[in-house]
1. Determine whether segment C:79-86 contains at least one residue that is modelled with pLDDT of 85 or more, β-branched (Val, Ile, Thr) and open to solvent by 50 Å² or more (accessible area, probe 1.4 Å).
2. Kindly check whether there is at least one residue in segment B:124-139 that is outside any helix (DSSP H, G or I) and within 13 Å of chain C (Cβ to nearest Cβ).
3. Only residues that are within 11 Å of another protein chain (Cβ to nearest Cβ) and surrounded by fewer than 17 Cβ atoms within 10 Å (Cβ to Cβ): list them for segment B:142-159, please.
4. Every residue in segment C:254-276 that is open to solvent by 20 Å² or more (accessible area, probe 1.4 Å) and in contact (Cβ under 8 Å) with a residue 24 or more places away in the chain, please.
5. Confirm whether A:Leu219 is without any contact (Cβ under 8 Å) to a residue 24 or more places away in the chain, more than 14 Å from chain B (Cβ to nearest Cβ) and either more than 29 Å from A:Ala103 (Cα to Cα) or part of a helix (DSSP H, G or I) (or both).
6. Give me the pairs, please: first residue somewhere in segment A:113-135 and at the interface with chain C (Cβ under 7 Å from one of its Cβ atoms), second residue anywhere and open to solvent by less than 30 Å² (accessible area, probe 1.4 Å) and not in a helix (DSSP H, G or I), beta-carbon distance under 9 Å, and either six or more positions apart or on two chains.
7. Taking A:Ser244 and the conditions (1) at the interface with another protein chain (Cβ under 9 Å from one of its Cβ atoms); (2) in a loop (DSSP other than H, G, I, E, B); (3) without any contact (Cβ under 8 Å) to a residue 24 or more places away in the chain; (4) among the small types (Gly, Ala, Ser), which numbered condition does it fall short on, given that it satisfies the others?
8. Which residues, taken from segment B:458-488, are touching a His at 6+ places or on another chain (Cβ under 9 Å) and outside any helix (DSSP H, G or I)?
Amino acid sequence: MKENSLWKDAFRRLTMDKWALGSLIIVLIYSSVALLAAMGIIAGDWAKEVGASNMAPNGDHWLGTDIFGRDVLSKVLRGTQIAMSVGLVTSLIAIPIGVVLGALAGYFGGWVDDLITWLYTTFSSIPNIMLLISITMILGKGIFAVYIALGATSWVTLCRLIRGEVMKHKEREYVQAAGAIGGGHFRKLFLHILPNVTHIVIINTSLQFQFAIKSEVILSYLGLGVQGEPSWGTMIDDAKLELSRGVWWQLAGATTAMFLVVLAFNLLGDALRDSLDPKLKGK
Amino acid sequence: MTSPLLSVRNLVVEFQTGEGITRAVNNVSFDIPAGKTIGIVGESGSGKSVTSLAVMGLLQKPAAKIPQGEIIFNGQDLLKFNDSQMRAIRGNQISMIFQEPMTSLNPVFKVGDQIAETIRIHRNISNKEAWDRAVDLMNQVGIPNPALSAHKYPHEMSGGQKQRVMIAMAIACEPKLLIADEPTTALDVTIQKQVLELLHKLQQQYKMSMMFITHDLGVIGDIADDVVVMYRSNVVEQNKAQEIFYTAKHPYTKGLLACRPKLGANPRRLLTVSDFMDDQGVEKHVSPERVVVFDKEQEKEKSSEILLEVKNLVTQFPIKGGFFGRTVDHFKAVNDVSFTLKKGKTLGLVGESGCGKTTLGRSILRLVEPSSGSIIYNGKDITHVYAEELRLLRRKMQIIFQDPYSSLNPRMTISEILTEPLNIHNVGNSKQERLDMAKQLFEKVGLKLSHLNRYPHEFSGGQRQRICIARALMLRPEFVICDESVSALDVSIQAQVLNLLLDLQEEFHLTYIFISHDLSVVNFIADEVGVMNGGKIIEMDKASSIYKNPKEAYTRALLSAIPKGEVKSDLSSMV
Amino acid sequence: MIKYIIRRLLYLIPVLLGVSFIIFVLFNLVSGDPTAVLLGKNASARQMAELREQLGLNKPLLDQYFDVVKSAFTFDFGYSWATKQEISHMILQGAYPSLCLSVPAFVIATILSLIISLVVSFYRGKGIDLFVRIMCIAGVSVSALAYILFFQYFFAYKLGWFEISGFEYGFPDFIPFVALPAIIFILLSLGPDVRFFRTVILDEIYQDYVRTARAKGLSEVVILLKHVLRNAMIPIITYVVIQIPSLILGALLLENFFSIPGLGGITLNALNSSDFPVIKAMAILSSVLYILLSLLTDVLYTFADPRVKLK
């Protein structure tokens, strides 16, 4: 039986790569933590005072306590939920917009392309951080504004990539052949071209996730992010004042938690690119 | 006898791949005497290019290994040279021309600088002198207005000119050995002939040795002294060109010689390598009925019914320009073309790239919208039908494209690809019925049923082209356009596909338009031939007579550009 | 060439109008009535109406939109709500410390990244390449905040090698204040820059023309520095130039941590005091800068890539 699709083949190569497999496992662990925290099964009582103020890490509290005597580990887990949700929601906003606009622009060309190109050039002309700050400030501080701000900025890259790739595929003879056997625009674009560009969405999503997580941390640090809940960014903000007093565990916890997941998404993105992007094959 | 300039002894090249070690060159030995041309012939993957890269020392190092062998050049083993020693040889004593002139030049430097660079590496001369020499070389390789052209960038030149620049670069230091790796494969036939003649002239002038690599024995007939035939990493035969062409011993060589269509000879089917040997390489006797020659004239008219009539067809594309990208003019890719095609016949369209033959084919199928004129199919004007009618028309008219690698969707299995046309047109009552129809045709084009669930990348180029043919025939069309459908294939595979197309034509009573740049192929397969140039059909005649009495100068040029597939006769006697 | 530039210039008009529109929608439509915030709870209706008049909020929407467009050309952004200063004046003042920090840091970071990526491309697949790749990917995975916090704490606070915060005007007085943030800036840039440059260079190394250059007998070093680099410059130019507008703000966090009174500091202060006009001005300013720089990229292209002229 030799029925190995390109996807299965790519997945097999991905799992053969130790680093990629490890990254995938880390991402899955973070996702489960986020899910469990969201359902309140873990870290539901993060706000409870469980000990003295600023206790160093110990057997009961592996990452110590913060200034209000709250368990830092619980805060880190709770922060995981915020971070992962930002990655997820941003992707859910960016992917449909980016894919649909990019595909339409690349496939139809002409004025459709002109319009969509203008749209994303306009959006990318406002430096990312400025647009993020403006949107969160205007929508009012909070996680909702962060979702919208990151979603509004991150479809641009995907749209540009998809557009370019669809343009390339449109000229390929397999698409012309689909037209020759009587297939319409819908069939050509959605059944033939899009399956050939989905790898870009997957690679981009992996990199998008880490960008969203990093941005959420910075926005939260600036006080624009989630309110009344712990985020890795607010924890780092707290640590800014604590560090000179030797209280390092809050910073260490938040930084490490973020480092691992961002690293995993980075490695995964690279591995996905290697195994899915045919252009790079054989290098 | 003096010792040869280059002597390859028992060369083995291996590649480390994900699946283990593969041997690309197995125990290959041959000599290139000083001042002689040797042709290395074989199909893609036979190891001929790898051999040449090994001589140049250009194999990608960690992946490629040379566990055994010697490459003696001028009495020294090149395999023992270190990097800087090899660099002093490369471009200076041994130089190389590659297949793809389009990508082989650096896009951001002037061509004059790129030629001068080669000279400055190996000769201690000033920039000015190097530049003047570059201009002189460009003159020698026949680039018009060399002093001006030297200031051009590669994208401002045609493919043929770029290949001339590559040649100028290669002969800049008057090397002793010139390696040419399929230097004409990417070029039009008339350009191919000019480049071949140029290479031969320069070889004589500079008294170089030349190693000419090709998949097409016909190409080197005119220029090679000796021929080495490679098959699956091994040398299967080597001899004087004379001997190879007239008394080939190995069945593979015989197959290669026989599979190229020749003007004048009209076999019913082309012989292929598989007529001469089986899969294991054991020689077979050619069955006599395979070599029946027939006269197309004698064939009684299959029908007199006209299937397709094209009247004054024009297809034009806007030329954008000016400030706002407004349309400033139109380029007429197809310019006032008219012809009629009878049922069951084949019309061959021949011409060089850019002559409009591809656009004409696509305009007839309405894949490109014609600007004026009319297309009458089966008595009905289809120039302006739309939507549903056009869709129904697609059942009757099909197309087979040139590039077998890009014409199959890499994300679909072969059974999905073959049943898709049936799904679109609601042919067949059930999934199973459609699958059965796919199976039937899949076998008919000569592929194994067990491969039906594979993906395109698991097939070779020739196999993919068979799949494309099967897909085109799934809807049982009456009319098929073959757009350069065999041009991307090695000659040995090309013959098999041509035979298949003829078999299918007989079985399904198909009418073909066969588009190609190769007049000998068109002449073999078509009943009538139209020669296209500048968007017009400039000459049209019966296939059997066009090569005897060409009326237009352009047709004559095309005819004379066809490699004869014979040994050079007067050329070598001149020397 | 001139034609090409003029055409690119004309294309900037719709983009500028689009950018102005987004900013107009955000700040004039979505943001709502700021007068209540500005005047506090006890403001009378008359006071609020006066303020609205003063801020131009009573004008028709189209006029308000054209005010945004106009400010992109005149740099007349009005007055800050928080400091009551003229915004263009504030920006001019803030530009000096910002540029003292970001320009040298940016230049050094770019050159250093290019050198490192050329070296690792030369030794591709070898130990040093692997090491640099791992360092880059690990480097970009650590939060920028963590770098800044740690470096400030360790080198400025613990070891006392640098000033912890503040700024002094005039060369060379500002050097001790910007040295540490500049080093952090460079470190933060190295990871993404080297990764990008390396990918671009390796893309080129596998092209056919490199094989031709080898066949000429050129050494690997010359091939890399002459043939490959020249081609790789095309994507690198875009990448580098496009970063410049966010440069002013890219140092935002650093200016915040090190209390440097630059544009980043102004932006963050405005953020904390809900000073909308300042944020709006910064958004317009950085977008105009971006648009002008994208024009510069287009011009640079014509020098780096002879193929562009024809388009």
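1. The answer is no; no qualifying residue exists.
2. From segment B:124-139, those outside any helix (DSSP H, G or I) are B:124-126; that's our starting set.
When the remaining residues are screened for being within 13 Å of chain C (Cβ to nearest Cβ), the result is none.
Within segment B:124-139 (the criterion being outside any helix (DSSP H, G or I) and within 13 Å of chain C (Cβ to nearest Cβ)), the answer is no, since none of the residues qualifies.
3. Filtering segment B:142-159 down to residues within 11 Å of another protein chain (Cβ to nearest Cβ) leaves B:151-156.
B:His151, B:His155, B:Glu156 - these are the residues of segment B:142-159 that are within 11 Å of another protein chain (Cβ to nearest Cβ) and surrounded by fewer than 17 Cβ atoms within 10 Å (Cβ to Cβ).
4. First, the residues of segment C:254-276 that are open to solvent by 20 Å² or more (accessible area, probe 1.4 Å): C:256, C:259, C:261, C:266, C:269, C:272-274, C:276.
Selection gives C:Ser259, C:Pro261, C:Ile266, C:Asn269, C:Ser273, C:Ser274, C:Phe276.
5. On the way: without any contact (Cβ under 8 Å) to a residue 24 or more places away in the chain: no; more than 14 Å from chain B (Cβ to nearest Cβ): yes; either more than 29 Å from A:Ala103 (Cα to Cα) or part of a helix (DSSP H, G or I) (or both): yes.
Judged against the criteria, A:Leu219 is not a match.
6. Matching pairs, first to second residue: A:Ile133/A:Leu222; A:Ile133/A:Leu224; A:Ser134/A:Ile126.
7. If we test A:Ser244 against (1) at the interface with another protein chain (Cβ under 9 Å from one of its Cβ atoms); (2) in a loop (DSSP other than H, G, I, E, B); (3) without any contact (Cβ under 8 Å) to a residue 24 or more places away in the chain; (4) among the small types (Gly, Ala, Ser), just (2) comes out false.
8. Matches in segment B:458-488: B:Phe459, B:Leu475, B:Glu478, B:Glu484, B:Ser487.
The values are calculated or read from the model by the stated rules, or taken from the named source; none is laboratory data. This structure is a prediction, so every number in the text was calculated from the model and none was measured. Neighbour counts run over all protein chains shown; Cβ positions are idealised from the backbone, glycine included. Only protein heavy atoms, including side chains, enter the accessible area calculation; ligands, DNA and RNA are left aside. Shrake-Rupley method; radii C 1.70, N 1.55, O 1.52, S 1.80 Å.
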